[in-house]
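Colleague: I have a structure I would like to understand better, so I am pasting it below and will then ask my questions one at a time.
The values are calculated or read from the model by the stated rules, or taken from the named source; none is laboratory data. Here the structure is a predicted model, which is why all the values come from computation and not from measurement. Every residue, glycine among them, receives a Cβ derived from its backbone with ideal geometry; neighbour counts consider all protein chains shown.
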Amino acid sequence: MMGLPFIHHPGYTIELPAAHPFPMRKFTALREQLCPLAAGAAIDWLQPEPVDRDALRRVHTRDYIEAFFGGRVDRIAQRRSGFQWSEELVSRVRLETAGTLLTVEAALAEGLALNTAGGTHHAHADTASGYCLINDIAVAAAHALARGWVRRVLVVDLDVHQGDGTAALFQDVPEVFTFSMHAGTNFPARKQHGDLDVALPKGMADDTYLDALAARLPELLEQFRPDVVIYDAGVDVHERDRLGHLALTDAGIRQRDEYVIRACRSAGVPVAAVIGGGYDRDIEALAARHALLHQAAINHWNQAGG
Ligand SMILES: [Zn+2]
């Protein structure tokens, strides 16, 4: 019997200038924190190969992909992306995107799978934005549809920011339902129309947040009947996050992740989860927050008997 698939690549982390605001080391820190956690469970560690251009072409324009691969990204576009262009950056983005693709593939085989990165939901067809260069969620959804692995994909995006890129990319694609629940006052300033957008008031805490989620998710699963859920488990909803406007605690995030996994799995729907955003300067605390997702998955896996 297979174990619970965890997807990771050391290349998720690259060197950035010390003052860079993006917490790049969190992926490595998460991997390290998962070692003792995973000791009590059967985990299958899977490592992705860099994604090829063809898979990206399903959601991004040819010009955009070629400019990104070839280093022809102008200064304004680089600033908008949040990263200075480099070969290493291209490599990390290709690995992270491939990781989410592999997560979806493994989830379809095993019912549940988790990336240790992913959730670059602000990337549009021809634009990078907010630390997102390629939209891994959209690439994975489009790939699974194109390969005939699934007929319907539900994106459950609980990052504190709206999944605007994903919403725009699938605006006219009925096979993909985009559900985003986010802080209404937060980035991006210009929201896109997803299939279901829930804008939460600033400062919302655990109980009301979990109620808002429970008021939507079961109905979506029942009405849309997805063949897979791609879950963005952003922890920037946390009360101590630098970029979030909500006030969830660790316990609230744990309950949220357990709830999503349980709701989907009890409806018979595979779950492919990505970690999403999280912007605490304390990398170890941040990695521990992301690990709540993997802990929730391990608990579910052990209870369900694999
Ligand atoms: Zn975010």
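Colleague: Is there any pair linking a residue in region 8-26 that is in a loop (DSSP other than H, G, I, E, B) to one that is of a type in the set (S, T, N, Q), with Cβ under 7 Å and at least six apart or on different chains, and which?
Modeller: These pairs meet every condition: 8/47; 8/116; 9/47; 13/28; 24/13; 25/13.
Colleague: More than 14 Å from the chain's Cα centre (by Cα) and away from the ligand (no atom under 16 Å from the Cβ): is that true of residue 265 in this structure?
Modeller: yes
Colleague: Looking for whichever is modelled with pLDDT under 95 and under 30 Å from residue 189 (Cβ atoms) here; the options are 277, 252, 244. Which one fits?
Modeller: Only one candidate qualifies: 244.
Colleague: Testing residue 172 on (1) within 16 Å of the ligand (Cβ to nearest atom); (2) part of a loop (DSSP other than H, G, I, E, B), one condition comes back false. Which one is that?
Modeller: The number of the failed condition is (1).
Colleague: Further question on the same structure: When residue 253 is evaluated against the numbered criteria (1) in a helix (DSSP H, G or I); (2) away from the ligand (no atom under 16 Å from the Cβ); (3) β-branched (Val, Ile, Thr), which criterion, by number, is the only one it fails?
Modeller: With respect to (1) in a helix (DSSP H, G or I); (2) away from the ligand (no atom under 16 Å from the Cβ); (3) β-branched (Val, Ile, Thr), residue 253 is out only on (2).
Colleague: Do we have residue 49 as out of contact with any Ser or Thr (no Cβ under 7 Å at 6 or more places or on another chain), loosely packed, with under 13 Cβ neighbours inside 10 Å and not in a helix (DSSP H, G or I) here?
Modeller: The answer is yes for residue 49.
Colleague: A further question on this structure: Look at residue 89 and say whether it is crowded, with 18+ Cβ neighbours inside 10 Å, touching a helix residue (DSSP H, G or I) at 6+ places or on another chain (Cβ under 7 Å) and at negative phi.
Modeller: no
Colleague: Now, a different point. Between a first residue in region 176-193 that is among the charged types (D, E, K, R) and a second residue that is within 13 Å of the ligand (Cβ to nearest atom), which pairs have beta carbons less than 6 Å apart while being 6 or more apart in sequence or on different chains?
Modeller: Going by the 6 Å Cβ cut-off, the qualifying pairs are 191/162.
Colleague: Continuing with the same structure: Quick one: in region 269-284, which of the residues that are in a loop (DSSP other than H, G, I, E, B) and either among the polar types (S, T, N, Q) or buried (at least 21 other Cβ atoms within 10 Å of the Cβ) (or both) is farthest from the ligand (Cβ to nearest atom)?
Modeller: In this case the residue turns out to be 270.
Colleague: In addition: For region 15-44, what are the residues that are aliphatic (A, V, I, L, M) and either more than 21 Å from residue 242 (Cβ to Cβ) or surrounded by fewer than 13 Cβ atoms within 10 Å (Cβ to Cβ) (or both)?
Modeller: Across region 15-44, the qualifying residues are 18, 19, 34, 37, 38, 39, 41, 42, 43.
Colleague: Given the criteria part of a helix (DSSP H, G or I), closer than 20 Å to residue 14 by Cα, at pLDDT 95 or above and among the polar types (S, T, N, Q), does residue 97 qualify?
Modeller: So residue 97 passes the test.
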